[in-house]
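Some notes on the structure that comes next.
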Amino acid sequence: MDIAYAGFLIAFFVFALRATGDYFFWWDDWLLVRQSGSFEGMVDQYNGHLSVVILAVYRVLVELFGLDYGPFRVVGLICLFLVPISYYLVNRGQLGRGLAAVLGLSFFAVEGISFIPAEL
């Protein structure tokens, strides 16, 4: 079951990467990149909440890859996929591998699921 679950997640990850191939920076992304350019920006509220981790991720990606959107897509999708992976790993011993896999994959069936990296 572990191999089947991992295989499905890898296939779906590749599909999601291809489906988001034409995505580029949204206005919110530009604001995150701009705000993360200074220490004061890193500890200032963004949209009413403290977003130090997200701002740090944006700053690191801009410093390493420039304004190439591919790494932003990969990080955003990794964040999205970590939820069902964590759910499966935590619950497979208690619920059984099959049920944990089905319930873990149900996270992808949520209406309005988004592959936009700014929502990581």
Report, in deg cm²/dmol and to the nearest 500, the calculated mean residue ellipticity at 222 nm for the chain, where each DSSP H run with n ≥ 4 adds -39500 (n - 2.57) and the sum is divided by the residue count. -21500 deg cm²/dmol
Taking Cα pairs closer than 8 Å and at least 6 residues apart, the relative contact order of the range 70-120 in percent is 54 percent
For the chain, what % of the accessible area comes from carbon and sulfur atoms, probe 1.4 Å? 67 percent
State which helices in the chain qualify, where a helix is a whole DSSP H run, it must extend 24 Å or more along its own axis by its Cα atoms, and its mean Kyte-Doolittle hydropathy must be at least 0.5. 2-19, 70-95
Computed on Cα atoms, the radius of gyration and Dmax of the chain in angstrom are 16.5, 48
Over all Cα pairs of the range 26-85, how is the pair count split among 10 Å bins, expressed in % and running from 0 up to the last occupied bin? 22, 51, 25, 1
For M42 and V83, FRET efficiency with R0 = 30 Å and r from the beta-carbon atoms, rounded to 0.05? 0.75
Calculate, in nm to one decimal, what R34 and L99 gain on full extension: separation in residues at 0.36 nm each, minus their alpha carbon distance. 19.0 nm
At 1.4 Å probe radius, can you tell me the per residue accessible area of the range 1-95 in Å²? 62 Å²
Would you please give the FRET efficiency between F15 and E111, computed as 1/(1 + (r/R0)^6) with r the Cβ-Cβ distance and R0 = 22 Å, to the nearest 0.05? 0.75
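The values are calculated or read from the model by the stated rules, or taken from the named source; none is laboratory data. Owing to the predicted nature of the structure, the values given are computational and were not obtained by experimental measurement. Virtual Cβ from ideal backbone geometry, glycine too; neighbours counted across all protein chains shown. What goes into the accessible areas is simple: the full protein's heavy atoms, side chains included, and nothing from ligands, DNA or RNA. Shrake-Rupley method; radii C 1.70, N 1.55, O 1.52, S 1.80 Å.
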